[in-house]
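Heads up, the thing below is written out as structure tokens.
What follows is calculated from the coordinates using simple rules that are stated; it is not laboratory data. Since this is a predicted model, take the numbers as computed values, not measurements. Ideal geometry is used to build each Cβ from the backbone, glycine not excepted, and the neighbour counts take in all protein chains shown.
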């Protein structure tokens, strides 16, 4: 069952165009979202979060269009990015105390569990955290309200190999519990370990949207890794 | 609504906003353009907008399970709350000047604007201008704070006009002491309230429409 669908989403900027983006996210699967810098990954994710105003197309979650059901949908989804820190001078506890008031399903026990798992100190401020810990802090917020869909933009960037491994295991567990994950990353080896499906975007258009095994089979040569396939496809596009 | 206001107060506001509410006490200053107190209260609110921008508050708020227009609503609720706190202090001090202190020499010899209901009406007009020009203008981009410059110009022109108007022959009653010319004074206050509600309402509607269209 498709839990998220994008149909013909377009967005034009002066030097870039997101062109007729259509794909679906299967329930309880991890979908890797790959593409080089500027390919349109973040613009697509921002469209999915209604942070940018699309020119055309429709985005639906749980069969409901995002337009008109925004708050209801956002109760059931979580977003995490590795690049931004919110309220850098407030403590994690202060941010959490305010944030939980917005979510009907905020789970304080889960929050405590993830805080322990990520070794986060609630008395710390985001400005005092390393890049890796900021990623974990953002993930903590996304995971504590029982999101059914997680949209993760570079969630493992800045993490040490051990923390990355822990996170990938966590994503697999979440998947087993029925959580749908869109995982945008440049670290394609992470996707080799946990993704079920791959969406490949290039120059603002979806070039591939299929199961990971099919992607490796259809686009790969002999024993190429996902990263090698991705690099070759990009080089071929330039040539 | 409560959660939105809590977020504004506990996460995005600047402590200077609360500190600047104290500028409402300028209502008691003799020989001082007391409407400047209103400007300082709005300067405090401006600090919270600046703080919020640096803390990525707008994007964080837009990611919360609220409609995009609720992000705008939160900012207006917070601003109106601070304005009304400032206004309440000004109103209490104005009543003090209109009653117990109405015959105090420093106020009687004051060449500048007197604290009366006309003053309170003008205070509301300036608050309304802040909401219209600055907050409405801020939501054109949700990050540029430059509309505050336009507001400064509008606010000081209004202060100068309000200070000057009672020197025009026939309009001396606007500077009435105590409860003199009360019907005129009360109509000025009610007029100020009406303008405040109108400017804030128009600004809020415009800001919501603008914020829906912008990309974060």
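Taking a ≥ b ≥ c as the square roots of the eigenvalues of the Cα gyration tensor, an a/c ratio of 1.5 or more together with a/b larger than b/c marks chain B as prolate.
Axis angle, to the nearest 10 degrees, between helix A:108-117 and the longest C-alpha principal axis of chain A: 70 degrees.
Here the peptides B:103-113, A:111-121, B:84-94 are ranked by packing, the mean other Cβ count within 10 Å, and the order with the highest first is B:84-94, A:111-121, B:103-113. Once the Cβ-Cβ distance of residue B:100 and residue B:186 is raised to the sixth power relative to R0 = 22 Å, the FRET efficiency obtained is 0.65. Each of the peptides A:230-236, B:55-61, B:154-160 was scored by the mean count of other Cβ atoms within 10 Å over its residues; in descending order, highest first, they stand as B:55-61, B:154-160, A:230-236.
Expressed to the nearest 5 percent, the antiparallel share of DSSP beta bridges inside chain A is 55 percent. Counting only alpha carbon atoms, the long axis of helix B:68-98 and the longest principal axis of chain B meet at about 20°.
How much length is gained on full extension from residue B:146 to residue B:50, taking 0.36 nm per residue of separation minus their Cα-Cα distance?
33.5 nm
In chain B, the DSSP-assigned H stretches of four residues or longer account for a calculated mean residue ellipticity at 222 nm of -21000 deg cm²/dmol, using -39500 (n - 2.57) per stretch and the full residue count as denominator. Highest mean packing comes first when the peptides A:126-134, B:202-210, A:139-147 are listed by Cβ atoms within 10 Å, giving A:139-147, B:202-210, A:126-134. The Cα center of the stretch A:140-176 and the Cα center of the stretch B:90-113 differ in position by 63 Å. Peptide B:64-71 has a mean shielding of 5, counted as Cβ atoms of other protein chains within 10 Å of each residue's Cβ. The angle between the Cα long axis of helix B:117-129 and the longest principal axis of the Cα atoms of chain B comes to about 20 degrees, rounded to the nearest 10.
Taking 0.36 nm per residue of separation and subtracting the current Cα-Cα distance, fully stretching the chain between residue A:193 and residue A:162 would add 9.8 nm. The stretch B:15-29 and the stretch A:60-114 have Cα centres lying 36 Å from one another. The simple spin-label model puts a point 7 Å past each Cα toward its Cβ; for residue A:121 and residue B:6 those points are separated by 2.6 nm. Between rounded, prolate and oblate, where does the stretch A:9-74 land on the alpha carbon gyration tensor, with a ≥ b ≥ c its root eigenvalues, rounded for a/c under 1.5, else prolate if a/b exceeds b/c? Oblate, since a/c reaches 1.5 and b/c is not below a/b. Applying 0.36 nm per residue to the separation of residue A:2 and residue A:213 and subtracting their alpha-carbon distance, the gain on full extension is 74.1 nm. Suppose R0 equals 60 Å; then what is the FRET efficiency for residue A:55 and residue B:29 from their Cβ-Cβ distance, rounded to the nearest 0.05? Rounded to the nearest 0.05, the efficiency is 0.65. Remark: relative contact order (the stretch A:1-50) = 31 percent; criterion is Cα-Cα distance under 8 angstrom and separation of 6 or more residues.
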